[in-house]
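The values are calculated or read from the model by the stated rules, or taken from the named source; none is laboratory data. Everything numeric in this text was worked out from a predicted model, so none of it was measured. All Cβ positions, glycine included, derive from the backbone under ideal geometry; neighbour counts span all protein chains shown.
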Amino acid sequence: MRLNKILKNTLLVLAACLVLSACATKKEVATDIQGQMQGDVYTGTDTVKYLADGVPDRVFFATNESILTTASRETLRAQAAWLRKNPNINVVLEGHADERGTREYNLALGERRANAAKDYLMTYGISSERITVLSYGKERPVDSGSNPLAWSKNRRSVTVKAN
Amino acid sequence: MIKKILILLFILIPINANALIEVDITRGNLNPLPLAVSPLSIDEVSRKSFKKILEKENIGSEISNIVENNLRTSGLFNPLDKKAFLQAPDIANLKPRFEDWNLIKAQALITGKVNYIDDKLRVEFRLWDVLAAKEMMALAFTTVPNNWRRVGHIISDKVYERLTGEKGYFDTRIIYVSEEGPKVQRIKKLAIMDQDGANNKFLTLGNELVLTPRFNPASQMVTYLSYFKNMPRVYLLDIETGTQEVVGDFPGMTFAPRFSPDGKKIIMSFANDGKSDIYTMDLENRIVEKITNHPSIDTSPSYSPDGKYITFNSDRSGYQQIYVMKNDGSDVKRISFGNGLYGTPVWSPRGDLIAFTKLHKGKFYIGVMRTDGSGERLLTENYYQEAPSWSPNGRVLIFYRETKTDDKGEGFSAKLWSIDLTGYNERQIKTPTDASDPSWSSLLSN
């Protein structure tokens, strides 16, 4: 079932890519959004901060999903390497959802997203004792817009230094 | 803060058993019953005494204004303009001239009298059937003067009950989350107010994020989510004493709390390792029980009024849907099968319906379905709305609605709204600040 979901998601992303590229040939207006989203996952750098040079602080998710994209895994590997180099630093993984969901479900979804990031950091050698998970659900958006691009920036897990 | 207030109530005259006027509340009421709320009459000595104590020019008129406003907002009654009244309040209360009230098309008439007796407020009121020229009801209350608004609400409930055959919902409170500040950094406080928006009070200072307050059945305690010290946990607050405590000792986030119908347990979700399961905690012996056990997100639990069943939402099918199970977690059945996502199920106090939020094609709906999932009915559609809470008589739903922001990301607001189960009578409930997550109390007096 899990695999099914992943497959479905990949297909969705592919389908969305096709739709977007089809649009782009027709209209140039779409370029702006296209450059910042793949499927409905945010790929831009607008809101991203850096824990260290080359170590982005956040990863982004598709609607209702907590699956890590290739880019997210790359970001988390950079974070894991940085955390291994800085063994005294602990982190809080803050999980977030967009505004298009019910409050309580979004709290759980934010927790699930932050845990997806946590699991990945752990597979790259970071002890769970150094990681705290904190879900904000939809309570702390970074972009107050009511549009797909704003929502994509808000569906995120942000790694924050705890000390 | 909410003081238990003794209200002495006695029936003046036996109630006439044959109700002649009937108001049908099961269908949308497009012809609200025209009725006259005559200002409660007051003698000069009493008027001056209450003016001193309550700083109200005429407390009799103030109380009748509350009754009038309640009955109007119910959508079932059409209180007539006082300027058209032909009979003076004091005379009308003794013996209405029914021809005069008939002339202005009033079908029912409310009259009454206010007295200042032994530092107390004494109010008597009568409900008359104008066409039949008969008294339908007569009651008197004695209470402390500060309680005058509640007297207005209780009179409204008695009239509503006498004319519709069902309990009212006016002598109630709403607990909700007050919101201020920019959308990306909202300051949220617990707030409580009377059902009509009066007596608003803040219960927390806004230092930490608070969400989803819910009353216990006695309406004296509130369970809610607080981010105190950045640790999101379910809390219990005693409204009267202000004491707060964390519910249970969980190593991670607990959320989505509600009381059991007997008030003895709190049911909530606990999130751990990306999974959220439903737990209960007994408030007397502190025993914690795990109710669901599934790798999915199980949350927003709500008991049936008899306590035997629990409805909740889960994404175990891949997407958020509504389920019903026995109170021990057995016999889980999915009940929502329409197009879209379904969340925030809440069992009606009458037991026959579950209210929910539905997301379909980018729109949010508040709706109801029977407890087996049949008979889905969507009451209202909007850009964003969720979290319905039932009036104690199961006839009205309160929920919150958020607006879409403009191109600059501005213009955000969150407001409380109510709608009748019929899908009619949608109205905004005024709050001093933006507002969300409303929870309706039970009737404070019975």
Test: residue in the stretch A:53-63 that is of a type in the set (D, E) and part of a helix (DSSP H, G or I): no
How many residues are in a strand (DSSP E or B) and over 17 Å from A:K138 (Cβ atoms) when one looks only at the stretch B:205-223? 6
Whichever residue in the stretch B:235-254 is of a type in the set (A, V, I, L, M) and out of contact with any Leu (no Cβ under 6 Å at 6 or more places or on another chain) and, among such residues, is farthest from the other protein chains (Cβ to nearest Cβ): B:I239
Could you give me the residue pairs with C-beta distances under 7 Å whose first residue belongs to the stretch A:102-117 and is in contact (Cβ under 8 Å) with a residue 12 or more places away in the chain, whose second residue is in a helix (DSSP H, G or I) wherever it lies, and which are 6+ apart or on separate chains? A:A117/A:L76
Contacts under 6 angstrom Cβ, first residue in the stretch A:49-70 being touching a residue at least 24 places away in the same chain (Cβ under 8 Å) and within 14 Å of chain B (Cβ to nearest Cβ), partner buried (at least 20 other Cβ atoms within 10 Å of the Cβ) and among the β-branched types (V, I, T), 6 or more apart: A:A62/A:V41
Return the residues of the stretch A:75-91 that are part of a helix (DSSP H, G or I) and surrounded by fewer than 16 Cβ atoms within 10 Å (Cβ to Cβ); say none if nothing qualifies. A:R77, A:R84, A:K85
Inspect the stretch B:417-432 for any residue being of a type in the set (D, E) and part of a strand (DSSP E or B) and give the result as yes or no. yes
Scan the stretch A:110-163 residue by residue and report those that are assigned to a strand (DSSP E or B), of a type outside the set (A, V, I, L, M, F, W, C) and within 10 Å of chain B (Cβ to nearest Cβ). A:T132, A:S135, A:Y136, A:G137
Looking at this structure, is B:P257 buried (at least 19 other Cβ atoms within 10 Å of the Cβ) and within 11 Å of chain A (Cβ to nearest Cβ)? yes
Within the stretch B:380-389, does at least one residue satisfy the condition of being out of contact with any Phe, Trp or Tyr (no Cβ under 6 Å at 6 or more places or on another chain), under 18 Å from B:L359 (Cα atoms) and without any contact (Cβ under 8 Å) to a residue 12 or more places away in the chain? no
Within the stretch B:225-244, does at least one residue satisfy the condition of being out of contact with any strand residue (DSSP E or B) (no Cβ under 7 Å at 6 or more places or on another chain), on the phi > 0 side of the Ramachandran plot, outside any helix (DSSP H, G or I) and surrounded by fewer than 23 Cβ atoms within 10 Å (Cβ to Cβ)? yes
Assess whether B:F312 counts as being over 16 Å from B:R334 (Cα atoms) and within 14 Å of chain A (Cβ to nearest Cβ). no
Output for the stretch B:138-173, where each listed residue is crowded, with 17+ Cβ neighbours inside 10 Å and either on the phi > 0 side of the Ramachandran plot or of a type in the set (S, T, Y) (or both): B:T142, B:T143, B:S156, B:Y160, B:T164, B:Y169, B:T172
Turns out the strands (runs of 3 or more DSSP E) fully within the stretch B:311-408 with at least 2 residues that are of a type in the set (S, T, Y) are B:341-347, B:384-390
Just to be sure, is A:E99 of a type outside the set (A, V, I, L, M, F, W, C), under 21 Å from A:A150 (Cα atoms) and at pLDDT 95 or above? yes
With respect to the numbered conditions (1) outside any loop (DSSP other than H, G, I, E, B); (2) surrounded by fewer than 22 Cβ atoms within 10 Å (Cβ to Cβ); (3) touching a Leu at 6+ places or on another chain (Cβ under 8 Å), which one is the sole condition not fulfilled by B:L131? (1)
State which residue is nearest to B:V396 (Cα to Cα) when the search covers only the stretch B:1-51 and only residues that are at pLDDT below 95 and basic (K, R). B:R27
Residue check, A:E94 at the interface with chain B (Cβ under 8 Å from one of its Cβ atoms), surrounded by 21 or more Cβ atoms within 10 Å (Cβ to Cβ) and not small (G, A, S): no
Here are the criteria: (1) within 23 Å of A:N115 (Cβ to Cβ); (2) free of Cβ contacts under 8 Å to residues at least 24 places away in the same chain; (3) part of a strand (DSSP E or B). Tell me which single one B:P295 does not satisfy. (3)
For B:E124, are the conditions met, namely being in contact (Cβ under 8 Å) with a residue 24 or more places away in the chain, under 28 Å from the mean Cα position of the chain (by Cα) and either assigned to a strand (DSSP E or B) or surrounded by fewer than 20 Cβ atoms within 10 Å (Cβ to Cβ) (or both)? yes
Which residues, taken from the stretch B:353-369, are loosely packed, with under 14 Cβ neighbours inside 10 Å and either basic (K, R) or more than 14 Å from every other protein chain (Cβ to nearest Cβ) (or both)? B:K361
Could you run through the stretch B:429-442 and say how many residues are under 13 Å from the mean Cα position of the chain (by Cα) and more than 14 Å from every other protein chain (Cβ to nearest Cβ)? 4
For the stretch A:100-117, which positions are touching a helix residue (DSSP H, G or I) at 6+ places or on another chain (Cβ under 7 Å) and of a type outside the set (G, A, S)? A:R100
